[in-house]
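The values are calculated or read from the model by the stated rules, or taken from the named source; none is laboratory data. Keep in mind it's a predicted model, so treat the numbers as computed, not measured. We place every Cβ from the backbone using ideal geometry, glycine too, and count neighbours over all the protein chains shown.
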């Protein structure tokens, strides 16, 4: 029987199903509406705390933010990354350097614990002479401050490029210390670039010239650089910082000199978190398996934390969707259908029609526990279809597909439990038929 004839027959049976007892319909609805198992980032500071910089030292977590009603450089502490957090006050109560800066726009602090027990703060401040933003540096003997500005001039201030913002310390595996930062081209309508500059003397002086890393005619800012075994990962924010379009993406390179390859899909967006965070940006990654971001809540930016894992040296943030195209998985007794109108990538897994048909993909889970599997599908059968879900060789139920029509791509979800690290997820033949566009882990 052809697919179209079978679909017509199923539609006729669907009409007859209206005569089944009410309890049967209720059971079917319950099966489709399973509770999602995704774990989204936790809100840990429920007030304005934007552009976070966070580190752990001697069992205490320290977090710093852009200026607000709490001071020039608000500082908070906690015994664990997930809190509870306590805001301790202003880490730079005297304000930015009186020699070149004025208060009111002290942004994006970066505090680094030095080997000698002191602390270095790089910050963005309002340049008196030009009205632009430039980068200054300060030091303290305590992580809580008070930080005292160093020198009477900014550390980095290319006024012809719009000034400089968003400095962040990076120390390579060989011990060489750098700052990554942005020339603020957006302020004067020119291209913005993320730069790498070597530093010395606990980050208070510059050594050598500046190396261009990544450029954009749009907004690119808040760089954070991480070295992973096989590559360097340069995180950055994009979009307008003041709404839900703000996002976090990244680029990778085998060397600090580039070339840098930007990720195909952003790492964290409002949509990738299913609107649980509005505009996730200003991300700060660290070696503890955590990432801290801010997100908009009622006109201010609150602080969130999420788990991070590394899949072959590429980042995976728990709660943010990761997509794998079905046609790129391992297919058994089914086919790749190309030219699929409206499908992502234009191809799908089709004819998953036999007892030994399956589509299998691999997903990396930052931590063990509950996740949500989303499947992009099309079902033109006239009645709900399904696939079996097998995780690491064990059945974890079914994913059901309400009727959509062929080439009308929708998505359905099912909760699954994963191990930390790599997992295999297989869709097997279930009831009736459906084509699969992609699988997403959240």
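Some observations on this one:
- Subset of the stretch 270-284 that is surrounded by 23 or more Cβ atoms within 10 Å (Cβ to Cβ) and within 10 Å of the chain's Cα centre (by Cα) - its residue that is nearest to residue 180 (Cα to Cα): 283
- Boolean, residue 144 is in the same structural domain as residue 68 (by TED's automatic domain parsing), in contact (Cβ under 8 Å) with a residue 60 or more places away in the chain and either touching a helix residue (DSSP H, G or I) at 6+ places or on another chain (Cβ under 7 Å) or within 29 Å of residue 59 (Cβ to Cβ) (or both): yes
- Among the candidates 398, 414, residue that is at pLDDT 95 or above and either in the same structural domain as residue 306 (by TED's automatic domain parsing) or in contact with a helix residue (DSSP H, G or I) (Cβ under 8 Å, 6 or more places away or on another chain) (or both): 398
- Residue check, residue 232 over 30 Å from residue 297 (Cβ atoms) and crowded, with 21+ Cβ neighbours inside 10 Å: yes
- Which listed residue, of 336, 308, 348, 361, is at negative phi and out of contact with any helix residue (DSSP H, G or I) (no Cβ under 8 Å at 6 or more places or on another chain): 308
- Exactly one residue out of 389, 403 is surrounded by 16 or more Cβ atoms within 10 Å (Cβ to Cβ) and not in a loop (DSSP other than H, G, I, E, B), and it is 389.
- From the options 219, 207, 171, 190, residue that is surrounded by fewer than 21 Cβ atoms within 10 Å (Cβ to Cβ), assigned by TED's automatic domain parsing to the domain that holds residue 313 and out of contact with any strand residue (DSSP E or B) (no Cβ under 8 Å at 6 or more places or on another chain): 190
- Residue in the stretch 40-54 that is outside any loop (DSSP other than H, G, I, E, B) and either at pLDDT below 50 or more than 24 Å from the chain's Cα centre (by Cα) (or both) present: no
- Residue that is assigned by TED's automatic domain parsing to the domain that holds residue 52, without any contact (Cβ under 8 Å) to a residue 24 or more places away in the chain and assigned to a loop (DSSP other than H, G, I, E, B), where the choices are 272, 249, 255: 255
- Per-region count, the stretch 69-98, residues in contact (Cβ under 8 Å) with a residue 24 or more places away in the chain and outside any loop (DSSP other than H, G, I, E, B): 9
- Among the residues of the stretch 116-134, those identified as over 18 Å from residue 91 (Cα atoms), free of Cβ contacts under 8 Å to residues at least 60 places away in the same chain and part of a loop (DSSP other than H, G, I, E, B) are 128, 129, 130, 131, 132.
- So residue 118, is it surrounded by fewer than 23 Cβ atoms within 10 Å (Cβ to Cβ), under 28 Å from residue 220 (Cα atoms), assigned by TED's automatic domain parsing to the domain that holds residue 259 and out of contact with any helix residue (DSSP H, G or I) (no Cβ under 6 Å at 6 or more places or on another chain): no
- Across the stretch 384-396, not a single residue is classified as out of contact with any strand residue (DSSP E or B) (no Cβ under 6 Å at 6 or more places or on another chain) and in contact (Cβ under 8 Å) with a residue 40 or more places away in the chain.
- Search result, residues across the stretch 275-287 that are closer than 17 Å to residue 232 by Cα and either free of Cβ contacts under 8 Å to residues at least 60 places away in the same chain or not in a strand (DSSP E or B) (or both): 286, 287
- Given (1) surrounded by fewer than 22 Cβ atoms within 10 Å (Cβ to Cβ); (2) at pLDDT 95 or above; (3) under 29 Å from residue 191 (Cα atoms), number of the condition residue 95 does not satisfy: (3)
- Candidate set from the stretch 408-432 (those that are in a loop (DSSP other than H, G, I, E, B) and surrounded by 14 or more Cβ atoms within 10 Å (Cβ to Cβ)); member that is nearest to the chain's Cα centre (by Cα): 409
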